[in-house]
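S.K.: Mind looking over this structure? Questions follow.
The values are calculated or read from the model by the stated rules, or taken from the named source; none is laboratory data. The structure presented is a predicted model; accordingly, all values stated were derived computationally and were not measured. Note: ideal-geometry Cβ built from the backbone for every residue, glycine included; neighbour counts use all protein chains shown. Each accessible area value is taken on the protein alone, full model and side chains, heavy atoms only, with ligands, DNA and RNA left out. Shrake-Rupley method; radii C 1.70, N 1.55, O 1.52, S 1.80 Å.
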Amino acid sequence: MTRIRRGYIARRRRTKMRLFASSFRGAHSRLTRTITQQRIRALFSAHRDRNIKKRDFRRLWITRINAIIHESGILYSYSRLIHDLYKRQLILNRKILAQIAISNRNCFFMISNEITKKVD
């Protein structure tokens, strides 16, 4: 009897995994078992870190807004600013506020002054 050649499905699956792990170092890019483990770990970390990235950017925006409020010497806090924004029903999120605060401080001060005037 002649030798039966195996199909290509398993080989195709392994080459796909190898392409995913081609940038990994050492055995993590060469051995099939470690590639599967590292692939699971990499995808898990990517999923987890997407949420962490959102959290970190939110913290950065809050820090920038708070720093500019304190730097200007306005007797006002970050939490009061956000509270008054919601009270006035202004649709300005923290990302936009941080960009305005960095690029155009006068505009940011005008916004904060208008909020404080109309709320009081």
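S.K.: Based on the Kirkwood radius over alpha-carbon pairs, what is the Stokes-Einstein translational diffusion coefficient of the chain at 4 °C with 1.567 mPa s viscosity, in µm²/s?
M.R.: Approximately 69 µm²/s, per Stokes-Einstein.
S.K.: Per residue of the range 82-90, in order, report the coupling 6.51 cos²θ - 1.76 cosθ + 1.60 (Karplus, θ = phi - 60°) as ³J(HN,Hα) in whole Hz, putting x for Gly and Pro.
M.R.: Using θ = phi - 60°, the values come out as 5, 4, 5, 4, 5, 5, 7, 6, 8 Hz.
S.K.: Choose one of 47, 32, 82: the residue whose Cα lies farthest towards the positive end of the charge dipole of the chain (beta-carbon charges +1 Lys, Arg; -1 Asp, Glu; about the Cα centre).
M.R.: Final value for the positive-end residue is 32.
S.K.: Under a Cβ-only charge scheme (Lys and Arg +1, Asp and Glu -1), can you give me the dipole magnitude of the range 8-117 about the Cα centre, in debye to the nearest 20?
M.R.: Here the range 8-117 has a charge dipole of around 1260 debye.
S.K.: Using only protein heavy atoms and a 1.4 Å probe, report how much of residue 86 is accessible, in Å² to the nearest 10.
M.R.: For residue 86, the solvent-accessible surface is approximately 150 Å².
S.K.: Please work out how much length the chain gains when fully extended from residue 91 to residue 46, using 0.36 nm per residue of separation minus the C-alpha to C-alpha distance, in nm with one decimal.
M.R.: Net length gain for the segment: 13.1 nm.
S.K.: Further question: Once you have a ≥ b ≥ c as the square roots of the Cα gyration tensor eigenvalues for the range 2-51, tell me rounded if a/c is under 1.5, and otherwise prolate or oblate according to whether a/b is larger than b/c.
M.R.: In terms of gyration-tensor shape, prolate.
S.K.: Right, another one. What length, rounded to one decimal in nm, is gained on full extension from residue 53 through to residue 105, with 0.36 nm per residue of separation minus their alpha-carbon distance?
M.R.: 16.1 nm
S.K.: Return the calculated 222 nm mean residue ellipticity for the chain, to the nearest 500 deg cm²/dmol, obtained by summing -39500 (n - 2.57) across DSSP H runs with n ≥ 4 and dividing by the residue count.
M.R.: Calculated mean residue ellipticity at 222 nm is -24500 deg cm²/dmol.
S.K.: Considering only protein heavy atoms, with the full assembly of protein chains and a 1.4 angstrom probe, order 96, 111, 69 by accessible area, largest first.
M.R.: Ranking 96, 111, 69 by accessible area, largest first, yields 96, 111, 69.
S.K.: So if each residue of separation counts as 0.36 nm, and I subtract the Cα-Cα distance between residue 12 and residue 60, what length gain in nm does that give?
M.R.: 12.9 nm is the gain from fully extending residue 12 to residue 60.
S.K.: What is the range 67-120 by shape, rounded, prolate or oblate, if you read a ≥ b ≥ c off the alpha carbon gyration tensor as root eigenvalues and call it rounded for a/c under 1.5, prolate for a/b larger than b/c, and oblate otherwise?
M.R.: oblate
S.K.: I've got another one for you. Could you order 95, 117 by accessible surface area, starting with the largest, using a probe radius of 1.4 Å?
M.R.: Ranking 95, 117 by accessible area, largest first, yields 117, 95.
S.K.: Another one. Do you know the relative contact order of the range 1-75, to the nearest whole percent, from alpha carbon pairs under 8 angstrom that are 6+ apart?
M.R.: Taking the mean separation of contacting Cα pairs over the length of the range 1-75, I get 16 percent.
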